[in-house]
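Sending over a structure as structure tokens; questions will come in a sec.
The values are calculated or read from the model by the stated rules, or taken from the named source; none is laboratory data. Owing to the predicted nature of the structure, the values given are computational and were not obtained by experimental measurement. All Cβ positions, glycine included, derive from the backbone under ideal geometry; neighbour counts span all protein chains shown. Surface accessibility is based on the protein's heavy atoms, side chains included, excluding ligands, DNA and RNA. Shrake-Rupley method; radii C 1.70, N 1.55, O 1.52, S 1.80 Å.
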Amino acid sequence: MQAFYSDHFVLPLPEGHRFPMAKYRLLRDRLLATLPQVCQSEAPRASDGELAMVHDPAYVASLKDGTIAPAMVRAIGFPWSEAMVERSRRSVGATIAAARMAMCEGVAANLAGGTHHAYANRGSGFCVFNDVAVAARLMQAEWGRHASRQRPMRVAVVDLDVHQGNGTARIFAADDTVFTLSLHGEKNFPFAKEVSDLDVALPDGCGDADYLRALDDALRQLFARFSPDLVFYLAGADPHSGDRLGRLALSFEGLKARDRRTFDACFESQT
């Protein structure tokens, strides 16, 4: 299995900034120690053309040259820097590379993706570009180049981060080739939610049993309504009870069960 990383592209954050940038390197180190058979590769850099599959070119240009409005920088949550833009490109590039690999080998991973709060023309919530949206559009374009394929690629986004994937939902609104599923904390950020194809809002303190029942039902609905050719799974760790801002209460075993059920459902849908 291939996994792509970008943790060595580090943002120069001010002292005391609340974003835990070090977590990505810790994850890669843990993966190397416990699953050395996973082949880790540096993320490629997403190009302007790839970003333009989803993002407004004027927004991309303003990030490149540093002319982005201060209010938009505040919404992103990171101070602007060339390193911030480069890291964001690499995060998208990792998801593109993982998607291409998954189309060949069945599964692959980005160790630092899931930037689902980014809209086409603005960032939000520590998300600059929407990596899954860009990769989905690019995979659809590459699929469409094969003359034997008479229909568009169908893509499902299974977003199990504790926060709703609002940017992704907006980008793919009214697009019947992409199904967006978001299982998230009802009272967590973003406080003004978008409309996914299937939203499951969970109450504060939701634990393993209730969460897994809701997940099983959501996955049944997804695969009853939609037959994807490619699935993007956002496996956020923040539903864990130890996340200080997550507001849900999954155990480590609950998170493992969540991941296993999601992968099993995806593979079963192909049989």
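Can you give me the relative contact order of the chain as a percent, contacts being Cα pairs under 8 Å and 6 or more apart?
Relative contact order comes out at 15 percent.
Counting alpha carbon pairs within less than 8 Å and at least 6 residues apart, what relative contact order, in whole percent, applies to the stretch 142-181?
Here the relative contact order equals 44 percent.
Ok, one more. Apply the Karplus curve 6.51 cos²θ - 1.76 cosθ + 1.60, θ = phi - 60°, to the phi angles in the stretch 31-38 and return the couplings in whole Hz, x for Gly and Pro.
4, 4, 6, 9, 9, x, 6, 6
Additional query: How charged is the neighbourhood of Ala141? Take every other residue with its Cβ under 13 Å from the Cβ of Ala141, and add Lys/Arg as +1 and Asp/Glu as -1. Please report the intermediate quantities before stating the final value.
Numbers: positive: Arg100, Arg137, Arg145, Arg149; negative: Glu50, Glu142.
Residues close to Ala141 contribute a combined charge of +2.
Which distance in Å, rounded to a whole number, links the C-alpha centroids of the stretch 129-146 and the stretch 149-176?
Rounded to whole Å, the Cα centres lie 11 Å apart.
I would also like to ask the following. Mind putting a number on the dipole of the stretch 115-271 about its Cα centre? Charges go on the C-beta only, +1 for Lys and Arg and -1 for Asp and Glu, and I need it in Debye to the nearest 20.
Numbers: 18 positive and 22 negative charges, 81 e Å.
The calculated dipole for the stretch 115-271 is roughly 400 debye.
Moving on. Most mobile of Thr168, Thr34, Thr115 per a Gaussian network model of the chain (Cα springs, under 10 Å)?
Thr34
Sum -39500 (n - 2.57) across every DSSP H segment of at least 4 residues in the chain, then divide by the residue count to get the 222 nm mean residue ellipticity, nearest 500.
Value at 222 nm, helices only, nearest 500: -13000 deg cm²/dmol.
With an 8 Å Cα cut-off and a minimum separation of 6 or more residues, compute the relative contact order for the stretch 33-185 in percent.
The value is 21 percent.
Trypsin sites (Lys or Arg not before Pro) within the stretch 174-244: which are DSSP loop residues with at most 13 other Cβ atoms inside 10 Å?
Filter output for the stretch 174-244: Lys187, Arg244.
Any chance you could run the full-extension gain for Arg225 through Ser148? It's 0.36 nm times the residue separation minus the Cα-Cα distance, nm to one decimal.
Working: separation 77, 0.36 × 77 = 27.72 nm, distance 2.50 nm.
Residue separation times 0.36 nm, minus the Cα-Cα distance, leaves 25.2 nm.
Ok, one more. What's the whole-number percent of alpha carbon pairs in the stretch 69-173 lying beyond 17 angstrom?
55
Pop a pseudo-label 7 angstrom from the Cα along the beta-carbon direction at both Met72 and Asp264 and give the gap in nm to one decimal.
Distance between label points: 4.5 nm.
Continuing with the same structure: Please give me the summed charge of the neighbours of Leu111: other residues whose Cβ is under 15 Å from its Cβ, Lys and Arg +1, Asp and Glu -1. Spell out each step's value before the answer.
Working: positive: Lys23, Arg25, Arg28, Arg30, Arg87, Arg90; negative: Asp7, Asp29, Glu42, Asp131, Asp161, Asp259.
Once all neighbours under 15 Å are counted, the net charge is 0.
Using a simple charge model, +1 on the beta-carbon of Lys and Arg, -1 on the beta-carbon of Asp and Glu, nothing else, what dipole does the chain show about its Cα centre, in debye to the nearest 20? Present the calculation step by step, with values, prior to reporting the outcome.
Working: 30 positive and 33 negative charges, 52 e Å.
With only Lys, Arg, Asp and Glu charged at Cβ, the dipole is about 240 debye.
Here's something else I'd like to know. If one computes P(r) from the Cα atoms of the stretch 1-48, what percent of pairs lie at distances over 15 Å?
Values: 610 of 1128 pairs.
The proportion of pairs with Cα distances above 15 Å equals 54 percent.
Ordering Phe191, Phe172 by accessible area with a probe of 1.4 Å, largest first, what comes out?
Phe191, Phe172
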